[in-house]
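All remarks here apply to the structure that follows.
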Amino acid sequence: MKGNLENKQVAIIGGGPGGLTLARLLQLKGVDVKVYERDLNRDVRVQGATLDLHFESGLKVMEAVDLMDAFKANYRPGADKGRVVDEHAKIIYDEHDKESNEDFGDERFRPEIDRGPLRNMLLNSLQPDTVVWDSQFKSMVQIGDKWKLEFKNGNTTTADIVIGADGANSKIRPFITSIKPFYSGVTIIQGNVPNSETAAPNIHQLLKGGKIYVYDGEKFLHVSSKGDGSLDFYVSCKKDEHWVQNSGINFSDKTQVFTWFKEEFSKWDSVWFELVENVNLPLLLRPQYCMPLDQTWNTVPNLTILGDAAHPMPPSGEGVNLAMLDSLELSECLTDPGYKDIQTAIAAYEKQMQIRSAKEAQESLEMTEWMHSEGAVARLVEMFN
């Protein structure tokens, strides 16, 4: 049932999990939809770290898009198990030692999947040519009841409805609201080490196919294994908002990266140097921003946003789950004939999305604060227990 989308062309900007999920949901209801993605093709970029999907959101959506069997074939059992480790690589708490009877259908079960396989599952579920690659958004103008979109490659298209699923630096968001996210106080430096078993053997062994969490005052290190044999890591530090630009460090230069890492972690065991000795460069540098907790805006008749484009926040384990749940609720509103028009449907979606994301953003900020404070280790062990 197409509802208010009968005879309408939908354009989704951004081919991440949120955008692809929405496209799949709309196509299941017969809606004409295109996804415009800036990547040159589906294989051009290594996808990021593992994701855990939650019972009430990500896994619920997997059922809705009829991909639960594919998910079960691609998720990584045991990848959710973590170790809390001190800066000297001493294990403080080990989930690998704990018996777990959780499985699908259990509200506490949070299975892990790599971003790449999740993205491929969603891409493979779409009709041919749904995703228009090499389509980096440049601008758009309203012409009558439609939007005319222009991309940096010179191509143009028109759509009845545009949905921004283009991440925290969304180019669609300013067409909806002038409200800007605020800096959370932390910056993340992220990297990937290929073939970790040989490139970082000590950390690979410490990982044991799962995750590592290390806390030290104002710094936090997270390491996760990936199904392709690599590992992802990110360092989260309390830094000035413009530290990256003002640091004078070239994060594409291995010598400078290693010098910075040794200074930043001078009191840590040298085992952690394995992370930067064979890391792929450049590192990803991501100052973390958060939506104002009271953000609202006047609904636009044929335009909306979802996921990080709508509600950026520091990592809390909820990001992809929120984006996928946004996609589910938006698809349901847009195709519900009970709403008199598209604007009313979008308004209903945005109201619930804003309420839900405000709660999650508050919890994200609280987590960010304690993760970069003394006592973080005890807090995390308490959470695990």
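The values are calculated or read from the model by the stated rules, or taken from the named source; none is laboratory data. Owing to the predicted nature of the structure, the values given are computational and were not obtained by experimental measurement. Please note: Cβ atoms are built from the backbone with ideal geometry, for glycine as well, and neighbour counts cover all protein chains shown. In case anyone asks, the SASA skips ligands and DNA or RNA and just uses the protein heavy atoms, side chains included. Shrake-Rupley method; radii C 1.70, N 1.55, O 1.52, S 1.80 Å.
Key figures for this structure:
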{"item": "Verdict on Val141 being surrounded by fewer than 15 Cβ atoms within 10 Å (Cβ to Cβ) and either part of a strand (DSSP E or B) or under 24 Å from the mean Cα position of the chain (by Cα) (or both)", "result": "yes"}
{"item": "Helices (runs of 4 or more DSSP H) completely within region 41-131 that count 1 or more residues being touching a residue at least 60 places away in the same chain (Cβ under 8 Å) and either at negative phi or not hydrophobic (A, V, I, L, M, F, W, C) (or both)", "result": "58-64, 115-125"}
{"item": "Selection from region 64-86 of residues that are over 30 Å from Gly19 (Cβ atoms) and surrounded by 17 or more Cβ atoms within 10 Å (Cβ to Cβ)", "result": "Lys81, Arg83, Val84, Val85"}
{"item": "Residue count, region 94-128 (criterion: closer than 23 Å to Arg24 by Cβ and either among the charged types (D, E, K, R) or open to solvent by 100 Å² or more (accessible area, probe 1.4 Å) (or both))", "result": "8"}
{"item": "Whichever residue in region 352-378 is more than 24 Å from Tyr183 (Cα to Cα) and either in contact with a helix residue (DSSP H, G or I) (Cβ under 8 Å, 6 or more places away or on another chain) or of a type outside the set (Gly, Ala, Ser) (or both) and, among such residues, is surrounded by the fewest Cβ atoms within 10 Å (Cβ to Cβ)", "result": "Gln352"}
{"item": "Of all residues in region 326-351 being open to solvent by 60 Å² or more (accessible area, probe 1.4 Å) and in a helix (DSSP H, G or I), the one that is nearest to Lys2 (Cα to Cα)", "result": "Glu332"}
{"item": "Pairs, first without any contact (Cβ under 8 Å) to a residue 60 or more places away in the chain in region 358-385, second hydrophobic (A, V, I, L, M, F, W, C) and surrounded by fewer than 18 Cβ atoms within 10 Å (Cβ to Cβ), C-beta under 8 Å, six or more apart", "result": "Arg379/Trp370"}
{"item": "Conditions (1) under 19 Å from the mean Cα position of the chain (by Cα); (2) modelled with pLDDT under 95: number failed by Asp216", "result": "(1)"}
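Residue by residue, here is whether (1) in contact with a Leu (Cβ under 8 Å, 6 or more places away or on another chain); (2) at negative phi; (3) of a type in the set (Gly, Ala, Ser) holds:
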position: Gly317; (1), (2), (3): no, no, yes
position: Leu328; (1), (2), (3): yes, yes, no
position: Thr344; (1), (2), (3): no, yes, no
position: Ala348; (1), (2), (3): no, yes, yes
position: Glu363; (1), (2), (3): no, yes, no
position: Ala376; (1), (2), (3): no, yes, yes
